[in-house]
Ligand SMILES: Cc1cc2nc3c(=O)[nH]c(=O)nc-3n(C[C@H](O)[C@H](O)[C@H](O)COP(=O)(O)O)c2cc1C
């Protein structure tokens, strides 16, 4: 079998797009008003200390503003917020038009009907080619909604198949109160 050797952006997108992710909108209250951008590359990184990571593109206009502030809020999108992924994914538009939100403890926008929010402070930023690698400390966080997550796969929004829960063996979800006291565990 011949394996294609080209590493064009198109082929990288096609193959790496097989990796399904959730979606977030990373927001902040800035002197010029609320700001934010859609971010697929969010991951939980460390439990002790509590750290998360994501990868802003070097062409982002919003990320340098958030970097300068040094803190921001990660909003985990629910399936019902699919439209916000597009709205916060384009430069030069009024991203907050028609968007309901309240402020997090760090003072940043928590979007209505998201699944969870995570208040973060920037710790470190590393080179990542045409993106950068952000490491951020979690200052507070909350699950806010039991809805379906927004899932991105092969460049499209997909729905979790109804009734498919439990088809794959996964570590059991730990109730928040129990997780708080647990000595260690999977990053859920
Ligand atoms: C589905 C989706 C996923 C995205 N994931 C990322 C990402 O992981 N990192 C990133 O920097 N931009 C990502 N973007 C693009 C940014 O949202 C976009 O570059 C940004 O909103 C542009 O606005 P700005 O110039 O105000 O930053 C994504 C966009 C969409 C629609």
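Below is a table of values for the structure above.
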read-out: Count of residues meeting criterion [part of a strand (DSSP E or B) and within 20 Å of residue 55 (Cβ to Cβ)] in the stretch 67-90; value: 6
read-out: Verdict on residue 147 being surrounded by 13 or more Cβ atoms within 10 Å (Cβ to Cβ), modelled with pLDDT under 95, closer than 20 Å to residue 20 by Cα and under 18 Å from the mean Cα position of the chain (by Cα); value: yes
read-out: Positions within the stretch 155-179 being within 16 Å of the ligand (Cβ to nearest atom) and either at pLDDT below 60 or out of contact with any helix residue (DSSP H, G or I) (no Cβ under 8 Å at 6 or more places or on another chain) (or both), in sequence order; value: 156, 158
read-out: Count - residues of the stretch 93-121 that are in a strand (DSSP E or B) and over 15 Å from residue 74 (Cβ atoms); value: 1
read-out: Residues located in the stretch 124-152, provided they are closer than 20 Å to residue 61 by Cα and part of a strand (DSSP E or B); value: 124, 125, 126, 127, 128, 131, 132, 133, 134, 135, 136
read-out: Tally of residues being more than 10 Å from the ligand (Cβ to nearest atom) and within 13 Å of the chain's Cα centre (by Cα) across the stretch 63-80; value: 6
read-out: Some residue of the stretch 100-108 being near the ligand (Cβ under 9 Å from one of its atoms), closer than 27 Å to residue 160 by Cα and touching a strand residue (DSSP E or B) at 6+ places or on another chain (Cβ under 9 Å); value: no
read-out: Candidate set from the stretch 47-62 (those that are without any contact (Cβ under 8 Å) to a residue 60 or more places away in the chain and under 16 Å from the mean Cα position of the chain (by Cα)); member that is surrounded by the most Cβ atoms within 10 Å (Cβ to Cβ); value: 62
read-out: Residue satisfying condition, being closer than 24 Å to residue 147 by Cα and within 15 Å of the ligand (Cβ to nearest atom), within set 92, 86, 33; value: 86
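Conditions (1) closer than 22 Å to residue 133 by Cα; (2) surrounded by fewer than 13 Cβ atoms within 10 Å (Cβ to Cβ), marked per residue:
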| position | (1), (2) |
| --- | --- |
| 17 | yes, no |
| 37 | yes, no |
| 41 | yes, no |
| 88 | yes, no |
| 102 | no, yes |
| 111 | no, no |
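The values are calculated or read from the model by the stated rules, or taken from the named source; none is laboratory data. Treat the numbers as computed from the prediction; the structure is a model and nothing was measured. Using ideal geometry, Cβ is built from the backbone for each residue, glycine included, and neighbour counts are taken over all protein chains shown.
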